[in-house]
Amino acid sequence: AARVAAESGVRRLVLTHFSQRYADPRRFHDEARAHFDGDLIIAEDLTTVQLPPRRVASTG
């Protein structure tokens, strides 16, 4: 997901829906950070995420 986000030019990546068998979500943060340098959120149940305003491409 982090590679695709980086290649797509997204500004914010939210990772969620982790299996209960993974006790430490920091592992996902560290793995994603290796590929994505934008705003990275590791969401938990009931996390609220503010979305940045959408950039509008100029029609030139």
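The values are calculated or read from the model by the stated rules, or taken from the named source; none is laboratory data. The structure displayed is predicted, hence computed values, not measured ones. Cβ sites come from the backbone with ideal geometry, for glycine too, and all protein chains shown count toward neighbours. When the accessible area is computed, the model is the full protein with side chains, heavy atoms only, and any ligands, DNA or RNA have been set aside. Shrake-Rupley method; radii C 1.70, N 1.55, O 1.52, S 1.80 Å.
Sum -39500 (n - 2.57) across every DSSP H segment of at least 4 residues in the chain, then divide by the residue count to get the 222 nm mean residue ellipticity, nearest 500.
-6500 deg cm²/dmol
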Could you give the nm distance between label points at Thr48 and Val4, where each point is 7 Å from its Cα heading toward the beta carbon? 2.8
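Give the ranking of His17, His35, His29 by solvent-accessible surface, highest area first, calculated with a 1.4 Å probe.
Details: His17 165, His35 85, His29 60 Å².
From most accessible down to least: His17, His35, His29.
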Longest to shortest principal axis, alpha-carbon extents of the chain, angstrom: 50, 25, 13
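If the only charges are +1 at each Lys and Arg Cβ and -1 at each Asp and Glu Cβ, what is the size of the charge dipole of the chain around the Cα centre, to the nearest 20 debye?
Values: 9 positive and 8 negative charges, 40 e Å.
That gives the chain a dipole magnitude of about 180 debye.
If Lys and Arg each add +1 and Asp and Glu each add -1, what is the summed charge of the other residues whose beta carbon sits under 13 Å from the beta carbon of His29? Walk me through the numbers on the way to the answer.
Details: positive: Arg26, Arg27, Arg33; negative: Asp24, Asp30, Glu31, Asp37, Asp39, Glu44.
Here the charged neighbours net out to -3.
Leaving out ligands and nucleic acids, note down the accessible area per residue over the chain with a 1.4 angstrom probe, in whole Å². Walk me through the numbers before you get to the answer.
Numbers: 5270 Å² over 60 residues.
With the other protein chains kept in place, the chain gives 88 Å² per residue.
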Site Thr16, offset 7 angstrom along Cα→Cβ, radius 20 Å on amide nitrogen, limited to the range 32-50, gives 32-33, 38-50
Ignoring ligands, DNA and RNA, what percent of the accessible area of the chain is carbon or sulfur (1.4 Å)? 49
Net charge of neighbours whose Cβ lies under 13 Å from the Cβ of Arg54, counting Lys and Arg as +1 and Asp and Glu as -1: +3
